[in-house]
Structure formats: C-alpha cells, structure tokens
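Notes follow the structure.
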Amino acid sequence: MRDGPRRVSSKTGPIILTRKEVELVEWRRTANRRRRERAADLLVALFWISVSAAVALWIAAGGLRHVGDAGGVVLAVGIASGLVATDLLLVMLILAARVPFIDRAIGQDKAIAHHRRLGRPAMVLLLAHAVLVTTGYALIEPADPLAEAVRLATATPALAAAYAALAVLIVIVITSTVRAVRRRFAYEAWYLIHLLAYLAVLVAVPHQLEEGDVLALGTPERVYWIGLYVLAFGSAILCRIVLPTVKTLRHGLRVTWVEQVAPDAVSIHMVGRNLGALRASGGQYATWRFWTWRTWWHAHPVSFSSVPTGSIARITVRTLGAGTRRLARLRPGTFVSVAGPYGVFTDRARSAPYLAIVAAGIGITGARSLLEDSSLRPGEAFVVLRASDERQRYLWAEVVDLVRERGATLITMTGHRPKGRPTWMSASAVESGLNLATLFPLLHQSDLYVCGAPAWADLVIQDARRLGVPRERIHVERFEA
Ligand SMILES: Cc1cc2nc3c(=O)[nH]c(=O)nc-3n(C[C@H](O)[C@H](O)[C@H](O)COP(=O)(O)OP(=O)(O)OC[C@H]3O[C@@H](n4cnc5c(N)ncnc54)[C@H](O)[C@@H]3O)c2cc1C
C-alpha cells in the first residue's frame, strides 16, 4: 500500500437516507443512549447520597454535641472529613471493581477515570482528618499537638493500625499520581502496591468502630457503614475474582496457535466452550491471563480483534513491553483466564444514522471487531486507518475485505505526523488539506469511534469537538490503563 491517504470504496457509495429514515434511526438509537444516561445519572445520584449520608447520619446521631469550643469545632471537622474520605475510598473500590452495571452505564475506562479523580480529594480529606482530630484533641486536653499525635498513634492497636493505613494510602496515591514516581514502577509492581489499598482500608476499620462513638452499636450509622463496606469489598470479590473464575472454568479457553501478524504483533487464537455465553460485542475487550510459568502473574486488557464465535476467540497483541513479548511465545494448549467482556465501545452506543471509525496502529483491533459486529447498510460506514509506517498496518488486509463485504468506505493514511504540529494525521494528509470533515463527509450525522493510543486519540477528539461533533456521539477506547 503506497503512502499518503488511499481510498477503498464500496461500489454503492454513501447511502443517502430520507429525513424520515434519519429520524427513525435516531429515535431508536437515542432510546438506547437515554437508558445509559439514566443509569449514569443514577450512579451520580447514589454517589452524592452516599457522601451526604456519611455526614448526615453522624450529625443525626449527635456528632456535633461536643462543638462548644474551638477544640470541639476542630475535632468535629476532623471527624467529618474522615467520614467523607472513607466514603470516597469505598466508592473508589466499587468503581475499580468492574461491576457490570457500572461498565454498561459508563464503561470501565470512565469508571477508572472517576476512581482516579477521587484519589486526591480522598487523600486530602484523610490527611485533614488525621491533622484536625489530633489538633482538636490537643486543644481540648490541652496538649502539644505533636505529643498528642504520638499519644494517639500509640494509644490503642486500632489507632496505631489507622496511622499505618494512612501511611500506606499516602504511598499509593504518590505512586499513582506523581508521574515521575509512577514511571519508575513496572505495571505489575505498581499494581501490587495498589492492591495494598484494600488492606489499608480494612486495617482502618477497627479505629472507626472503637474510637469515639461514631459507629456505635445499634445505630443506623453502623448499619450504613457496614453495608457500604460489604458492598465495596463484596463487589470487588464478586466481580474481580468470583465471576472471572466462573467464566474461566465455564469456557475453558485454550490457546490454539499464535500467529505472527507483524514483526511486533501476534494474533492469539483460542478455542473454548459456549463462547456465545460470553456475550462479547465487537469493540469490547477483556482482561486475559495466560497460565504458563512465565506469564501467569500478569493479566492484560486486550480487545477482541474479531467477534468470538461459539468456540473461537482471537485477540491481537502488539509486543509493546516485557509482558506482551512473553505472550508472543505462548504455546498451543496454554490455559487462559478471561475477565469481561468490558467496555461500551460497541454498536449499541450509536445514536446517529452513520458510523465513522478512526483507528491507529494496534487500535485497529477494537475497530475491526466493531465494524464486523455493527448492523450496517452499504454506504453507512466510513473508516480511516492510521499507521506511522507500514510495519504498523496490523490486520489492514482484513479490514479491506470487511469494508468491501459491508459496503463501507475506507481511507488508509500512512506516514509520520508533521513535526511541531499537533495533529493525528500524516504529513501528506495535512499537506493535501484533508481534515476530519473532508475525510468523513457525513460526520455530523455520524457516531465517531476512535481507537488507539491515548495522546493520539485525544487529538482526533479535539478535531471532532472543534467541528461541533457532540460529546455523546464520540466514543473512544484508549489503549492504556
Ligand atoms: C481497553 C484496552 C484495550 C486494549 N486492547 C489492546 C489490543 O487489542 N492489542 C494490544 O496490543 N494492546 C491492547 N491494549 C494495551 C495493552 O493492554 C498493553 O499494551 C499491555 O498491557 C502492555 O503490557 P506490557 O507488559 O507489554 O507492557 P509494559 O511495558 O508493562 O507496559 C506498557 C504500558 O502498558 C500499560 N500496561 C501494562 N500492563 C498493563 C495491564 N495489565 N493493564 C493495563 N495496562 C497495562 C502500562 O501502563 C504501560 O503504560 C489495550 C489496553 C486497554 C486499556
């Protein structure tokens, strides 16, 4: 395939829909989207109810009765910030638990984005809790705050454990939010440190049950908090351990062969039982773990690069780092664990009559299975494939066949980006005056699906937003956790 944008069109050309047809399609699809939006709104409402309940129940139980002087005020603010911080931490655990309802409503990537966003406020409130409670008691005693901190930290095993839990959570937030620190850790090492969060949250429970009478026996507060703990840890155990284990045993996936599709990419073909019951849609991904000595300890999110049949599944992996390089050497017969499918990068998310897909490099995997699985009429879909050079034209031949079969239009664009210019297109495409609107003539009647590396995907989305494509018609799968 020569460099520069190339077009592969269906013989029929774009389908021109009548106004009535456009309205019917939009009505049907908007109903789907509204359902998801309602579910997302419900999640937001539950979040704010839980944060307010954390403080309201405490106040209702007389939490403010000691607020008579400065010490009492500082202590009360300290306790309230501790309650809200704990609530946020438990909500973060639920967001990271891969709960199917949350995944269907907002997608795992958005759930993780919210999880991350809550990290800092939770940390600030936890630190405020420790400092204000110590200061409050120091003012009430009265005592030197530092001496008071030492006294509290050594007063009971529960309080000592709470201080230790705070230290662990500080380490976790630093290794997750300070880029310079995060970069120093291999993904697996970072992940292990991150798992300590569960332990830290649990270790802090005794001081919540014992200290002051915040969670006194028989109070609605105690019921609320125990309920929230059970929900948070229960969803993590159910959705991250039990469900994937049941699915793995039910489908009994095994590697059949590893196909070298490019110098740095392999397709891993698998066979399994009753894969239809996975209900994986094109565009979705799963988290895969391959049981060999060299690979059992790291799992990877990878999109389906074709829609699974009743017994066959395939993923295509670029050997980016140490983990994926090991996957390239898997042997036939290797047992596979699967968690998922996850993600809302599917045909179900559409609300517009036309489909526009832009994919770069290995991002083609999600785009290819989406195209394969979408209910399309000839002339309804437009696809742009991007590669910096010919080595990154993964599965392009398959997409050309699919495009012909589905009556879609394909534009391939190979070449590096122009230096010093923030664009997702190749230099030759920019020179020839192409842009998202010229590449997709029906962009404003389309859902735009973008799949690839995060920074590249953000540039496509910026262009689309600049051209007035509504946010709800832009769907993105960023290939990085
Ligand atoms: C939703 C989604 C779908 C994806 N689909 C595909 C696909 O179809 N084909 C493909 O080749 N790649 C895909 N990826 C990317 C793939 O997961 C990473 O490239 C792979 O995990 C890198 O592992 P590594 O050990 O080789 O690299 P490392 O050198 O360990 O890491 C390279 C980068 O990958 C990230 N990473 C590493 N391990 C994981 C992990 N377990 N979970 C999440 N991120 C991780 C790290 O944050 C790091 O930035 C997808 C990622 C996501 C989030």
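The values are calculated or read from the model by the stated rules, or taken from the named source; none is laboratory data. A quick note: this is a predicted structure, and the numbers were derived from the prediction, not measured. Quick reminder, even Gly has a Cβ in these numbers, built from the backbone with ideal geometry, and neighbours come from all protein chains shown. Areas reflect the complete protein model, heavy atoms only, side chains present, ligands, DNA and RNA absent. Shrake-Rupley method; radii C 1.70, N 1.55, O 1.52, S 1.80 Å.
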(message) If you average the C-alpha positions of region 107-142 and of region 309-345 separately, how far apart do those two centres end up, in angstrom?
(response) 38
(message) Run lengths n ≥ 4 of DSSP H only: what is the helix-derived mean residue ellipticity at 222 nm for the chain, with -39500 (n - 2.57) per run over all residues, to the nearest 500?
(response) -16500 deg cm²/dmol
(request) Using the Cα centre as the reference, give the magnitude of the dipole from point charges on the C-beta atoms of the chain (Lys, Arg: +1; Asp, Glu: -1; all else neutral), rounded to the nearest 20 debye. (result) 1900
(message) Defining a contact as two alpha carbons under 8 Å apart and six or more residues distant in sequence, what relative contact order in percent does region 253-342 show?
(response) 40
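To the nearest 20 debye, what charge dipole does region 33-247 have about its Cα centre, counting +1 at the Cβ of each Lys and Arg and -1 at the Cβ of each Asp and Glu? Could the numbers behind the result be given before it?
Values: 20 positive and 14 negative charges, 310 e Å.
With Lys and Arg at +1 and Asp and Glu at -1, about 1480 debye.
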(request) Give me the accessible area per residue for region 344-404, probe 1.4 Å, as a whole number in Å². (result) 27
(request) Give me the percent of DSSP beta bridges within the chain that run antiparallel, rounded to the nearest 5. (result) 55
(message) Heavy atoms only, 1.4 Å probe, whole protein assembly: order K110, K20, K247, K419 by accessible area, highest first.
(response) K419, K20, K110, K247
(request) Note down the magnitude of the dipole of region 253-342 about its Cα centre, charges +1 on Lys and Arg C-beta and -1 on Asp and Glu C-beta and zero elsewhere, to the nearest 20 debye. (result) 240
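Over the chain, what is the mean sequence separation of C-alpha contacts under 8 Å (at least six apart), divided by residue count, expressed as relative contact order in percent? Show your work: numbers first, answer last.
Working: 833 pairs, mean separation 83.6, N = 481.
Computed over the chain, the figure is 17 percent.
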(request) Whole Å is fine, so just give me how far the alpha carbon centre of region 419-472 lies from that of region 145-187. (result) 43
(message) Tell me the carbon and sulfur percent of the accessible area for the chain, rounded to whole percent, probe radius 1.4 Å.
(response) 63
(message) Just want to confirm a number: the relative contact order over region 336-432, from Cα pairs under 8 angstrom separated by 6+ residues, in percent.
(response) 24
(message) Using amide H atoms built in the peptide plane, which far-off residues or other-chain residues are under 5 Å from Y449 H to H?
(response) A356, I357, V358, H475
(request) With a probe of 1.4 Å, find how much accessible area region 253-342 has per residue, and write the answer as a whole number in Å². (result) 43
(request) List the chymotrypsin sites (Phe, Trp or Tyr not before Pro) within region 250-294 that fall in a DSSP loop (any state other than H, G, I, E or B) and whose Cβ has at most 14 other Cβ atoms within 10 Å. (result) W291, W293
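In region 323-359, which trypsin sites (Lys or Arg not before Pro) are in a loop and have at most 16 other Cβ atoms within 10 Å, using DSSP for the loop call?
Sites meeting the loop and neighbour criteria: R329.
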(request) Using the charge dipole of the chain (Lys, Arg: +1 at Cβ; Asp, Glu: -1 at Cβ; taken about the Cα centre), state which of A39, T334, V77 has its Cα farthest towards the positive end. (result) T334
